[in-house]
Amino acid sequence: MQALLVGTLLALVSFGAGCSHAHWRPDYKVHREKLPNGLTVLYVEDHTAPVVSYTTWFKVGSAWEKPGSTGIAHLFEHMMFKGTSRYPARKFFEALESKGALVNAYTQRDSTVYYEVIAAKYLETVIDMESDRLANLLLTQADLDSERQVVKEERRLRVDSNFGAQQMESLEKLAFPTHPYGWPVIGYQEDLDRLSLKECEDFFRDYYQPGNAIVTIAGDFDYERAREWMTKYYGKLAGHPVRELALRDEKTAPGEKRLTIERPVEAESLLIGYYIPSMYSEDAERLSMLAWALFGMNSSRSNVELVRKKQLALGVGAEATLERYPSLFLVSAELKTGQRAGAVEEEIYKLIEEAKEKPLGEDELERVKNGLLYSTINESKSSAGVAGWLTSGEFYWNDHQRIFEKLDKYYAMKPEELRQVARKYLNKENRVVVVMKPQGEKP
Amino acid sequence: MKRVVATAGAAALLLLATGAAGKKSIVPRYETLLLKNGAKVYWFPSPNIPLFEVHLNFRGGSDLDPPGRSGIAAFAAGMIRRGVPGLDENAISSKLDDTAGGVEASVGEEDTTVSSYGLNEHAPEILDLMFEELAHPTFPEEPFKRLRTNHLDSIVQLPDSPGALATHVLDSVMFNGTTKARPSTGYKRDLVRVKLDAVRDYYPTLVRTDKLAALVIGGKERREILDRVARGLEALPCPACGKTIPEPGPVDLPPARLGKGTVLLVSRPGISEAHVRMGFVGPRRKVAEFYDLRVAETILSGHFASRLNLVIREKLGLTYGINAGFNFGTTVGSFVLSTSTRNDKVGELITQVNKLLAAFVRGEIGEDDLRIAKDYLTGSFPLGLQNVYAIAGSVFGGVLNGLEPAFLDDFQDRVNGVTLESLRAAVRKHVTLDQLKTVVVGDVKALSPRLAKHGLRYVVRKPGEFL
């Protein structure tokens, strides 16, 4: 067992040259251990309220899927609630919800996450139930058939009735014609229809293993007791080899890719994606900072120019989607009725070209750093928020403290670094554009 | 709560009470202050987290918009962030972003809220700016024009979000005859007519310290955040203080009148999912049967083992999600059920939901239902109260609804006090299915035969009739 104590890190205030923001560290005790079967456990103690949050992250998501089997990661997430012989489906929920627990899960491209938030006195029950379903999940054809309908319904609601989601799906497909990031996490209807019980059983065996998971317990618990319970319930699970994921980055022909889709909407909308490297790149944080500085603040140039001065858009936003594999720097614009996407696109490119020519002002960058500081402290109001960062660090870097190093990198960033990444990545030959235009029968 | 009356450090303040009470109280230490101008302030210190929040709640919102001028309160609140002497809106944005702070204004049906937040170390600049914005807004012309087109766009583009459109249409038919039937941002026909002068003239009606309750969270000592808020509030001009605001007359929407049991089908072509909303006007927060109704809605919805989820989603596979519950307003509330289904199942879904609700009202509720719902409500109670910010927000919400701050301490006992008899009686009294309105937004061509097949009468309307 490896136990690391982050220790009591109080708010440290440093006043560097031209930098007046404080560096904040949350004040929680953190322990990490690895069980012999490979399960990683993070313990985040916080005795403010008699509540614990319990999350299980599995290193599997839609990126692990194959063409023709899209949606299995997400469909399987639903199947994980179908129960075991000790806790059949309805009993699983009743046992937790009768104690007031919040129970849910979500699937992403790189991960699948299950969580419970519950009164602290029931922690052992949660550990028992979670370890039980990891070992003894019952998968039946009847459950698969009914859950398939629920997931198809979810897709109809989230994608087929949501034109913005359809635009995003078109962009990802255009950007990643072969890589799994090109298909939606929820999958395609025709693939969902095809998924078999055997595929679900294989998926469970291949990826739902202790060595492929991180459990994080945050809140009001006694560390030694929690360790005993984790060993008692999870220690008996055998570890099986996990199927490794080896993907190649998407290689597309250089040059801008464009698509126009028509939907029965009232206003045009614009979605631009620039290829960017994975989260492991040195440039990852710089791109994230650039997105925030140019598009994310009330005082950002995009808001001043496109929303307030020229009044072309109701809103403009951007995000560097930092993931395990190279992804996209996304810029989206919600247009005012009657405005043309082409005009907004031109203005966005002007802003980007300006950012390449001349570094952002120190004041602009300082605002982003202040915003980051506020968000960091705001998230630390609860140990569950802090636990999320720590788990993310453990998940992607095998180092739960990595997140704090990354925060330090953000605070130390200089305007010239942002200019360099803008020049390197935000170029015409490196981008994908999808415009959605009104068409068809109007209501 | 111990009630103490004493003069406070700042001359302008009257310390009404200190709370929290004894060891057993969930509510942490707080103070209640009454300012000379009538404003009441609740202060919750937050010694360990260096963030502050201030929420100014002015009684009066879009419900008070005069006939033919719907949306004027939303405009008045929207102009708060647009300029003060010496600073235009871009300068205000920069100043706030410099400090990672925020000032926001929003209008609800019954109240208007102006909030600010940020790091304690920047509280002086952020709070001073908020009070300057409240006291001396400059009402510049250009931002006003932009705000108007933005509000118009939000209405025109509402059909692009079928779920949001369905919710709005249900409000329209459910509250038809009252001001609550209107969208808070106003009707399109009113928005195109509104003038800046009218908004400027209306503004004092909204920002009234004699109708103000404030929540302040943050700081260890009063001088850090609280005293500055108190000074700012006392300096706020209030030309409308003491004046009576005329209640606007009833609002009638001819297209929204619905016969009993008739489904209102709103056209939104091109989608494969029908968005369903069902509801009726319900009780306010201070209703005597509040805890019975919380248990009732928990039996119906809100968790996996609830009846709607188990029957409509799990057993019948008709939907991905279904939620229902009471919205307990200050003066009046509602019961709203939200769900969606594929087009070919819309008739079946509505029929099944009606059947389930009817059985519920008939009293088909067992001891097991009661026990599970009570356990869920009492067990989940602490989850929403994990820090002083969350607790203070709950306390303040209760106070605005006329409750004593210590109401949280009684919550679990009151829930546990609900019996099968009291529950059934409350459901019979307040789940008024004869008043139930049903709205479906979706593709009329695909949906109408499915409704007819299940014997459901319907009328078809276009979204524009409700905007």
Q: Test each condition in (1) in contact with an Asp or Glu (Cβ under 9 Å, 6 or more places away or on another chain); (2) open to solvent by 30 Å² or more (accessible area, probe 1.4 Å); (3) in contact (Cβ under 8 Å) with a residue 60 or more places away in the chain; (4) not β-branched (Val, Ile, Thr) for A:ASP143 and report the one that comes out false.
A: (1)
**Q.** Tally, over the range A:282-296, of residues that are under 24 Å from B:ALA91 (Cβ atoms) and open to solvent by 20 Å² or more (accessible area, probe 1.4 Å)
**A.** 2
Q) Quick one: in the range B:58-102, which of the residues that are more than 14 Å from chain A (Cβ to nearest Cβ), without any contact (Cβ under 8 Å) to a residue 60 or more places away in the chain and part of a loop (DSSP other than H, G, I, E, B) is nearest to B:LEU196 (Cα to Cα)? A) B:PRO85
Q | One residue from B:LEU337, B:LEU400 being closer than 24 Å to B:HIS168 by Cα and surrounded by 16 or more Cβ atoms within 10 Å (Cβ to Cβ) | A | B:LEU337
Q. Got at least one residue in the range A:189-207 being open to solvent by less than 10 Å² (accessible area, probe 1.4 Å), assigned to a loop (DSSP other than H, G, I, E, B) and either touching a helix residue (DSSP H, G or I) at 6+ places or on another chain (Cβ under 9 Å) or touching a residue at least 12 places away in the same chain (Cβ under 8 Å) (or both)?
A. yes
Q: Look through the range B:27-48, keep the residues that are within 14 Å of chain A (Cβ to nearest Cβ) and surrounded by fewer than 20 Cβ atoms within 10 Å (Cβ to Cβ), and return whichever of them is nearest to A:GLU379 (Cα to Cα).
A: B:ASN48
Q) Can you name every residue in the range A:166-188 that is part of a loop (DSSP other than H, G, I, E, B) and aromatic (Phe, Trp, Tyr)? A) A:PHE176, A:TRP183, A:TYR188
Q. Mind checking whether some residue in the range B:388-408 is modelled with pLDDT of 90 or more, aliphatic (A, V, I, L, M) and more than 25 Å from B:ASN57 (Cβ to Cβ)?
A. no
Q | Residue that is nearest to B:ASP171 (Cα to Cα) [pool: residues in the range B:103-113 that are without any contact (Cβ under 8 Å) to a residue 60 or more places away in the chain and either touching an Asp or Glu at 6+ places or on another chain (Cβ under 7 Å) or surrounded by 22 or more Cβ atoms within 10 Å (Cβ to Cβ) (or both)] | A | B:ALA105
**Q.** Count of residues meeting criterion [within 14 Å of another protein chain (Cβ to nearest Cβ) and either closer than 14 Å to A:LEU373 by Cβ or part of a loop (DSSP other than H, G, I, E, B) (or both)] in the range B:103-114
**A.** 0
**Q.** Those helices (runs of 4 or more DSSP H) lying entirely in the range A:349-443 with at least 3 residues within 11 Å of chain B (Cβ to nearest Cβ)
**A.** A:362-379, A:383-397
Q: Considering each of B:VAL415, B:VAL441 in turn, give the residue that is surrounded by 15 or more Cβ atoms within 10 Å (Cβ to Cβ), within 14 Å of another protein chain (Cβ to nearest Cβ) and part of a helix (DSSP H, G or I).
A: B:VAL415
(Q) What are the pairs with Cβ atoms under 9 angstrom where one residue, in the range A:159-179, is away from chain B (no Cβ under 11 Å) and the other, located anywhere, is open to solvent by 10 Å² or more (accessible area, probe 1.4 Å) and of a type in the set (Gly, Ala, Ser)? Sequence gap at least six, or different chains. (A) A:GLN167/A:SER269; A:GLN167/A:SER332; A:MET168/A:SER332
Q: Quickly run through the range B:52-61 and pick out the residues that are more than 20 Å from B:ASP210 (Cβ to Cβ) and out of contact with any Gly (no Cβ under 6 Å at 6 or more places or on another chain).
A: B:GLU53
Q: Find all pairs meeting these conditions: Cβ atoms under 8 angstrom apart; at least six residues apart or on different chains; first residue within the range B:258-272 and at the interface with another protein chain (Cβ under 7 Å from one of its Cβ atoms) and under 11 Å from B:THR438 (Cα atoms); second residue assigned to a loop (DSSP other than H, G, I, E, B) and open to solvent by less than 20 Å² (accessible area, probe 1.4 Å).
A: none
**Q.** Residue within the range A:226-243 that is closer than 30 Å to B:PRO162 by Cβ, among the small types (Gly, Ala, Ser) and open to solvent by less than 20 Å² (accessible area, probe 1.4 Å) present
**A.** no
Q | Number of the exception - A:GLU116 against (1) over 30 Å from A:LEU271 (Cα atoms); (2) without any contact (Cβ under 8 Å) to a residue 60 or more places away in the chain | A | (2)
**Q.** Residues located in the range B:268-311, provided they are over 30 Å from B:GLN412 (Cβ atoms) and open to solvent by 20 Å² or more (accessible area, probe 1.4 Å)
**A.** B:GLY270, B:SER272, B:ARG277
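Which one is surrounded by the most Cβ atoms within 10 Å (Cβ to Cβ) among residues in the range A:310-335 that are more than 22 Å from the chain's Cα centre (by Cα) and not in a strand (DSSP E or B)?
This residue is A:LEU312.
Which one of these is in contact with an Asp or Glu (Cβ under 8 Å, 6 or more places away or on another chain) and among the hydrophobic types (A, V, I, L, M, F, W, C): A:ALA291, A:ALA318? Write out each step before concluding.
On the way: A:ALA318 fails: in contact with an Asp or Glu (Cβ under 8 Å, 6 or more places away or on another chain).
Only one candidate qualifies: A:ALA291.
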Q | Hits in the range B:444-467 - residues which are open to solvent by less than 40 Å² (accessible area, probe 1.4 Å) and modelled with pLDDT of 95 or more | A | B:VAL444, B:ALA446, B:LEU447, B:SER448, B:LEU451, B:LEU456
Q.
Show the residue pairs meeting these rules: Cβ distance below 6 Å; 6+ apart or different chains; first residue within the range A:253-279 and within 10 Å of chain B (Cβ to nearest Cβ) and touching a residue at least 24 places away in the same chain (Cβ under 8 Å); second residue of a type outside the set (A, V, I, L, M, F, W, C) and open to solvent by less than 20 Å² (accessible area, probe 1.4 Å).
A. A:PRO264/B:PRO269
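On the given criteria, is B:GLU132 assigned to a helix (DSSP H, G or I), over 22 Å from the mean Cα position of the chain (by Cα), acidic (Asp, Glu) and farther than 30 Å from B:PRO269 by Cβ? Break it down stepwise before answering.
Details: assigned to a helix (DSSP H, G or I): yes; over 22 Å from the mean Cα position of the chain (by Cα): yes; acidic (Asp, Glu): yes; farther than 30 Å from B:PRO269 by Cβ: yes.
So B:GLU132 fits the description; yes.
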Q: Working only within the range A:92-143, note down all residues that are closer than 24 Å to A:TYR396 by Cβ, within 14 Å of another protein chain (Cβ to nearest Cβ) and not aromatic (Phe, Trp, Tyr).
A: A:ASN104, A:ALA105, A:GLU116, A:VAL117
Q. Mind checking which residues of the range A:43-60 are among the charged types (D, E, K, R) and either within 13 Å of chain B (Cβ to nearest Cβ) or free of Cβ contacts under 8 Å to residues at least 60 places away in the same chain (or both)?
A. A:ASP46
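From the list B:ASN354, B:ASN327, B:ASN343, B:ASN323, exactly one residue is closer than 23 Å to B:ARG450 by Cα and either at pLDDT below 95 or open to solvent by less than 40 Å² (accessible area, probe 1.4 Å) (or both). Which is it?
On the way: B:ASN354 fails: either at pLDDT below 95 or open to solvent by less than 40 Å² (accessible area, probe 1.4 Å) (or both); B:ASN327 fails: closer than 23 Å to B:ARG450 by Cα; B:ASN323 fails: either at pLDDT below 95 or open to solvent by less than 40 Å² (accessible area, probe 1.4 Å) (or both).
One residue alone meets the criteria, B:ASN343.
The values are calculated or read from the model by the stated rules, or taken from the named source; none is laboratory data. Small disclaimer: the values here were computed from a predicted structure and weren't measured. Neighbour counts are summed over all protein chains in view; Cβ atoms, including those assigned to glycine, are modelled from backbone coordinates with ideal geometry. SASA here: full protein model, heavy atoms, side chains in, ligands and nucleic acids out. Shrake-Rupley method; radii C 1.70, N 1.55, O 1.52, S 1.80 Å.
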